[in-house]
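Peer 1: Questions regarding the structure given below will be posed in turn.
The values are calculated or read from the model by the stated rules, or taken from the named source; none is laboratory data. For clarity, every value in this text was computed on a predicted model and none was experimentally measured. Reconstructed Cβ throughout: ideal geometry from the backbone, glycine too, with neighbour counts over all protein chains shown.
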Amino acid sequence: MPVKSAYIHIPFCEHICYYCDFNKVFLKGQPVEDYIDKLLYEMKLTLTTFPTDELKTIFVGGGTPTVLNEAQLEKLCKGIYSILPLKKDGEFTFEANPGDLSIEKLKILKEYGVNRLSFGVQSFNDELLKKIGRTHTVNEVYKTINKAQKCGFNNISIDLIYGLPSQTEKDFQDTLNKALELNLPHYSSYSLIVEPKTIFYNLMKKGKLHLPSEESDANMYSMLMDGMIKNGYTQYEISNFSKPGFESRHNLVYWNNQEYYGFGAGAHSYVYGKRRANIGPIKKYIETLQDKRLPIFEENSLTKREMMEEQMFLGLRKNIGVSISEFHYKFNDDLLIVFEKPINEMVQKGWLEMKDGYVRLTREGRFLGNEVFQAFLVS
């Protein structure tokens, strides 16, 4: 089945957030022009090796894609527009930081078909934003969203993080209220995870990171779900909420366990039944493409069992869950027999349920998602 989606990685940032573990580097002194050239070449080379007819979604993430200057941004967008065959009604998303987007940059994005923006807002509390290493202010959030809407962008999403250092439930409720007042079509919200090789991880090891309790973190998640539903949003995935028709089509590709291209340093892809990871270091990534070779660092062919496990732990992230009939069509196996033991265990605990031909998480199960997913993996 032809690949229908593409992820494009821009690894440059002007500032590194304290919780971020994505493949990224400080912008200053980096070979940005060369990187964009090689990134576009990787797209051409990949489409020659693994052709497709039309893409349904393109997602440009990072790093901070909008940290590029106007000339670089135009070069990137023009290249994507000419190389990748996006359907007329396809979804084309750019990640952005509040404060990065000038009117000129917004016009460039609009000109080359970008129709969805995803802003890393994280909090509506200036003090907390400083604590987590963000450089934008709450005021810049309002200004940037207003600018984007004036430029004709109406499909806008913002990310929020809860469970931040010293964050109270009252503070998160305030952030949630302010986010909802914007009446945007889509919101994503995640609990803070302290990853290795981050500033927060180093602080935690020294006993200097004071996080809310597990109970408080769960209460914030509960507030999030209740607040979204009360305001007319559908929770379609553990951490994602939207108005009807504004679900992230690109992220649904991941959760539906469908194939996608991954372009750029450190990007991951799932193409022709193989999961691949690109070379991470930028210099090595560029050198490999200079040699006219795809910058693949590792490649794994999945067994049927691994594919079935992925279908479960990715699909269970969606509120609708995993379709029993779709599973049978894809693998010619009965989901309820293949995973009889973990399903029975999770149903007994009240974390899973079967409804309308789907296996899905209960509300209680959403709080314990990782434990449920783990049950479907062969140790």
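Peer 1: For the subset of the range 116-136 comprising residues that are among the β-branched types (Val, Ile, Thr) and at pLDDT below 90, which member is surrounded by the most Cβ atoms within 10 Å (Cβ to Cβ)?
Peer 2: Of everything passing the filter in the range 116-136, Ile132 is surrounded by the most Cβ atoms within 10 Å (Cβ to Cβ).
Peer 1: Mind listing just one residue for me: the one in the range 69-100 that is assigned to a loop (DSSP other than H, G, I, E, B) and within 22 Å of Leu47 (Cβ to Cβ) and, of those, modelled with the highest pLDDT?
Peer 2: Leu84
Peer 1: Let me ask you something else. Anything in the range 282-320 that is part of a loop (DSSP other than H, G, I, E, B) and either surrounded by 14 or more Cβ atoms within 10 Å (Cβ to Cβ) or modelled with pLDDT of 95 or more (or both)? List them, or say none.
Peer 2: Once the filter is applied, which keeps residues that are part of a loop (DSSP other than H, G, I, E, B) and either surrounded by 14 or more Cβ atoms within 10 Å (Cβ to Cβ) or modelled with pLDDT of 95 or more (or both), the range 282-320 yields Asp291, Lys292, Arg293, Leu294, Pro295, Leu302, Leu316, Arg317, Asn319, Ile320.
Peer 1: Restricting to the range 242-281, name every residue that is polar (S, T, N, Q) and part of a strand (DSSP E or B).
Peer 2: Answer for the range 242-281, where residues must be polar (S, T, N, Q) and part of a strand (DSSP E or B): Ser242, Ser269, Asn278.
Peer 1: Among (1) modelled with pLDDT of 95 or more; (2) in contact with a strand residue (DSSP E or B) (Cβ under 8 Å, 6 or more places away or on another chain); (3) within 28 Å of Asp171 (Cα to Cα), which single condition is Arg249 missing?
Peer 2: Exception for Arg249: condition (3).
Peer 1: Go over the candidates Tyr260, Tyr221 one by one and state the one that is aromatic (Phe, Trp, Tyr) and not assigned by TED's automatic domain parsing to the domain that holds Phe153.
Peer 2: Going through Tyr260, Tyr221 in turn, the sole match is Tyr260.
Peer 1: Sticking with this structure for a sec: Looking at Leu368, Leu352, Leu377 in this structure, which one is crowded, with 20+ Cβ neighbours inside 10 Å and under 28 Å from Ser188 (Cβ atoms)?
Peer 2: Among Leu368, Leu352, Leu377, only Leu352 is crowded, with 20+ Cβ neighbours inside 10 Å and under 28 Å from Ser188 (Cβ atoms).
Peer 1: Please verify whether Asn256 is touching a Gly at 6+ places or on another chain (Cβ under 8 Å) and surrounded by fewer than 20 Cβ atoms within 10 Å (Cβ to Cβ), treating the condition exactly as stated.
Peer 2: Yes; evaluated as a whole, the condition is true for this residue.
Peer 1: A further question follows. Please work out if Asp159 is outside any loop (DSSP other than H, G, I, E, B), more than 22 Å from the chain's Cα centre (by Cα) and modelled with pLDDT of 95 or more.
Peer 2: Answer is no for this residue.
Peer 1: Just one of the numbered conditions (1) within 23 Å of Ile58 (Cα to Cα); (2) not in a strand (DSSP E or B) is not true of Gly133; which one?
Peer 2: (1)
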